[in-house]
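Notes follow the structure.
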Amino acid sequence: MLGTGYLGATHAVCMASLGFDVLGLDVDPAKIARLSNGEVPFYEPGLEPLLRKTLASGRLRFTTSYEEVAEFGDVHFLCVGTPQKDNEYAADLDYVYTAVTTLAPLLTRPCTFAGKSTVPVGTAERIASRIAASAPAGDDVEVVWNPEFLREGFAVDDTLHPDRLVFGVDSQRGEQAMREAFAPVIAGGTPVVVTDLATAQLVKVAANAFLATKISFINAMAEVCEATHADVTKLSEALSHDSRIGGRFLHAGLGFGGGCLPKDIRAFMARAGELGVDQALTFLTEVDAINLRRRARMVDLARELLDDTMAHRRIAILGAAFKPNSDDIRDSPALDVATRLHHAGADVVVYDPAAMDNARIRYPDLTYAASTLEAAHGAHLVLLLTEWLEFREADPAVLAEVVAAPNIVDGRNALDPDRWRAAGWTYRALGRP
Ligand code: UDX
């Protein structure tokens, strides 16, 4: 595995658990030391016990040496990150090309190079020509594309039991290598879709564009509901019974964040522009805009509940991670709202069950509390921005006793309005009367 971030570390552990010999590479020695020690450097339920088990089995090791990797691998999985470029929509491919140009000259024996990173379509073909030009093994290095669809919080299960496997190949040999590498998963009944390289790269961004569109669709309906005193949660429930529509990713609220959906739709638009088909994806501009408008709406609602006065008003923010069961704060809607309120002059106090360390490093100006109760203490307003179970199950009567004023905005439509109102709270939510 080239890269041991979210994707690479999970994939390394899971492949070792399936019985393969795995070597994980990263350029960050601190990360390698922690992983070698049985410690997962991020929050992912179920991953650490499996890491320890596979390390103990002797089938999994980590290294910082490309030479060792080149010598070791029959299949090299590219798992490095492709973040959004600064001040641009396009994906930053520096990590991808650094990995390729470092590894390629060391590849002296037949092997498969399988891309998993989410990349702009056309990258696999460019990687293939770079490898063909600089690998001593030349044509004996087969380049294939194998996009990854794992969700944070469910990464192990998504890797071991994916909805589908996609193999982008341009030869029989490439398909065979992938079928061997995933034999135990395929034997478990996972469907396989074999495509060309371009289609395989597109499947990943198309999937994320569709999911983002579905979320923004229901959030657009929430805007309309707000103007008509309708209830988007009931609207969504009624839509979900139509099996053509389905209820997943139709949950209205503060919208999507994280390390994938936002940057992937932007990179997709940037690539479409280069390909001269930007019109095909202009709707994604709207998907992005709807998503960001939810954050502005949350700030407006907060202002409304505080009678337009932010100064010296204490706001408890419940949630910092971009979604529950994660400590990932990349493009977190919760922290975006917290920052906007902080800049507007409010005293913002943030609590999250898992993402506090990451939030403190990235947002040192915000104030942090050690529990829901501590955050709520003396607050004039409580905002639920990430729907952790702990917040869903919070007792409104207990919280009402510690706040300065019982005002709550449910940014994820995760609470029972009747229960909170019965406990004396002014309850507001996105897309509901
Ligand atoms: C996503 C894709 O689901 C995954 O297939 C891909 O490999 C990586 O990107 P992830 O970023 O882990 O995974 O998060 P996901 O569970 O998809 O949630 C994305 C965001 O959408 C979160 O901020 C979540 O709160 C939000 N969301 C999700 C909604 O606002 N409403 C919904 O109905 C569903």
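Measure nothing fancy, just the Cα-based angle from helix 282-305's long axis to the longest principal axis of the chain, in degrees from 0 to 90, nearest 10.
The helix 282-305 is inclined about 30 degrees to the chain.
List the residues whose amide H sits under 5 Å from the amide H of residue 368, counting only those 5 or more places along or on another chain, with H placed 1.01 Å from N in the peptide plane.
Residues meeting the criterion, in which the H sits 1.01 Å from N, are 350.
Rounded if a/c is under 1.5, else prolate if a/b beats b/c, else oblate: with a ≥ b ≥ c from the C-alpha gyration tensor eigenvalues square-rooted, which is the range 6-195?
It is rounded, given that a/c, with a ≥ b ≥ c, falls under 1.5.
Between the range 396-431 and the range 269-302, how far is it from one alpha carbon centroid to the other, in angstrom?
What the calculation gives is 31 Å, centre to centre.
Are there any chymotrypsin sites (Phe, Trp or Tyr not before Pro) in the range 145-200 that are in a DSSP loop and have at most 11 other Cβ atoms within 10 Å? List them by number.
Sites meeting the loop and neighbour criteria: none at all.
Ignoring GluC sites (Glu not before Pro) that are buried or in helix or strand per DSSP, and keeping those with at most 13 other beta carbon atoms within 10 Å, what is the longest stretch of the chain between them?
89-392
Roughly how tilted is helix 47-57, in degrees to the nearest 10 and between 0 and 90, from the longest Cα axis of the chain?
The helix 47-57 is inclined about 30 degrees to the chain.
Give, as a single signed number, the net charge of other residues whose beta carbon lies under 14 Å from the beta carbon of residue 129, with Lys and Arg counted +1 and Asp and Glu -1.
Summing Lys and Arg as +1 and Asp and Glu as -1 gives -2.
Taking every pair of alpha-carbon atoms in the range 298-427, give the share separated by more than 25 Å as a whole percent.
Looking at the range 298-427, the distances longer than 25 Å represent 15 percent of pairs.
Provide the per-residue ³J(HN,Hα) series for the range 89-97, in order, calculated from phi with Karplus coefficients 6.51, -1.76, 1.60 and θ = phi - 60°, each as a whole number of Hz, with x at glycine and proline positions.
6, 5, 7, 8, 9, 4, 5, 4, 6
List, in order, the whole-Hz ³J(HN,Hα) value for each residue of the range 352-365 obtained from phi through the Karplus relation with A = 6.51, B = -1.76, C = 1.60 and θ = phi - 60°; use x for Gly and Pro.
9, x, 10, 9, 4, 5, 5, 5, 4, 5, 7, 10, x, 7
Based on the inverse mean of 1/r over its pairs of different Cα atoms, what is the Kirkwood hydrodynamic radius of the range 184-238, in Å?
Every distinct Cα pair counted, the radius reaches 14.3 Å.
Around residue 315, with a cut-off of 12 angstrom between Cβ atoms, what is the net charge of the other residues, counting Lys and Arg +1 and Asp and Glu -1?
+3
Report, by chain and number, residues whose modeled amide H sits under 5 Å from the one on residue 165, excluding near sequence neighbours (fewer than 5 apart, same chain).
Sorted by chain and number, the residues that satisfy this are 192, 193.
Expressed in nm to one decimal, what extension gain is obtained for the pair residue 74 and residue 242 from 0.36 nm per residue of sequence separation less their Cα-Cα distance?
This chain segment gains 55.9 nm when fully extended.
Expressed as an acute angle from 0 to 90° and rounded to the nearest 10, what is the orientation of the C-alpha long axis of helix 123-134 relative to the principal long axis of the chain?
The answer is roughly 30 degrees.
Kirkwood Rh, Cα Rg: Rg to Rh for the range 197-433?
Ratio of gyration radius to Kirkwood radius: 0.99.
Please list 11, 343, 251 in order of solvent-accessible area, largest first, computed with a 1.4 Å probe with all protein chains present.
Ranking 11, 343, 251 by accessible area, largest first, yields 343, 251, 11.
What order do 295, 432, 34 take when sorted by accessible area (1.4 Å probe), most exposed first?
34, 432, 295
Using all Cα-Cα distances in the chain, what percent lands in each 20 angstrom bin from 0 up to the longest?
Once binned at 20 Å, the Cα pair distances of the chain give 24, 52, 23, 2.
Given a 1.4 Å probe and every protein chain left where it sits, what share in percent of the accessible area of the range 310-415 is carbon and sulfur?
It is 48 percent, rounded to a whole number.
How many nm is it between the label spots at residue 280 and residue 186, if each spot is 7 Å from the Cα in line with the beta carbon?
Using points 7 Å along Cα→Cβ, the separation is 2.9 nm.
Give me the accessible area per residue for the chain, probe 1.4 Å, as a whole number in Å².
On a per-residue basis, 43 Å².
The values are calculated or read from the model by the stated rules, or taken from the named source; none is laboratory data. Just so it is clear, the model here is predicted, and its values are computed rather than measured. Positions of Cβ are backbone-derived with ideal geometry, glycine not excepted, and every protein chain shown enters the neighbour counts. Ligands, DNA and RNA are stripped out before the accessible areas are found, and what is left, the full protein with its side chains, is counted by its heavy atoms. Shrake-Rupley method; radii C 1.70, N 1.55, O 1.52, S 1.80 Å.
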